[in-house]
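**Student:** Questions regarding the structure given below will be posed in turn.
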Amino acid sequence: MASAPERARTAPSSASRPPPGSGISAMPKHEFFVDMTCEGCSNAVTRVLHRLGGVQFDIDLPNKKVFIDSEHNVDTLLETLKKTGKNTSYLGEKSAQ
């Protein structure tokens, strides 16, 4: 019986959704504007998001955008980003493709 879960984990191609823990996100990706001007600003974003936990994110410093995959609601993510002290706004949901 122990081999059945291993087989399911190693053959996700037959599933329509990625298996939990696969590293492939089925969560919505949210896009935020954060008024970041330097690497210190992006480090502040990284710090508050790591503290929140349960997020995967990408920071686009030149365009002052943060893309977050998370099961947290938008309000929680926005309030967390505001802890950086930077002007922050929610731009919308992006497809997770």
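The values are calculated or read from the model by the stated rules, or taken from the named source; none is laboratory data. This is a predicted model, so every value here is computed, not measured. Here Cβ is always computed from backbone atoms with ideal geometry, including for glycine, and neighbour counts include all displayed protein chains. Accessible surface is based on the protein model in full, side chains and every heavy atom, while ligands, DNA and RNA are left aside. Shrake-Rupley method; radii C 1.70, N 1.55, O 1.52, S 1.80 Å.
**Student:** What figure, in Å² to the nearest 10, do you get for the accessible area of LYS29 with a 1.4 Å probe and non-protein molecules left out?
**Tutor:** Its heavy atoms expose roughly 50 Å² to the probe.
**Student:** Going through region 62-97, which GluC sites (Glu not before Pro) have at most 15 other Cβ atoms within 10 Å and a DSSP loop state?
**Tutor:** Counting only loop positions with at most 15 other Cβ atoms within 10 Å, the GluC sites (Glu not before Pro) in region 62-97 are GLU71.
**Student:** May I ask you to compute the full-extension gain from ASN73 to THR46, defined as 0.36 nm times their residue separation minus their alpha-carbon distance, rounded to one decimal in nm?
**Tutor:** Result: 7.9 nm gained on full extension.
**Student:** Further, regarding this structure: Using label points projected 7 Å from each Cα along Cα→Cβ, tell me how many nm separate ASP58 and LEU91, to one decimal.
**Tutor:** For ASP58 paired with LEU91, the spin-label model returns 1.2 nm.
**Student:** Here's something else I'd like to know. Below 8 Å, C-alpha to C-alpha, sequence gap of six or more: please give me the relative contact order for region 33-97 in percent.
**Tutor:** 41
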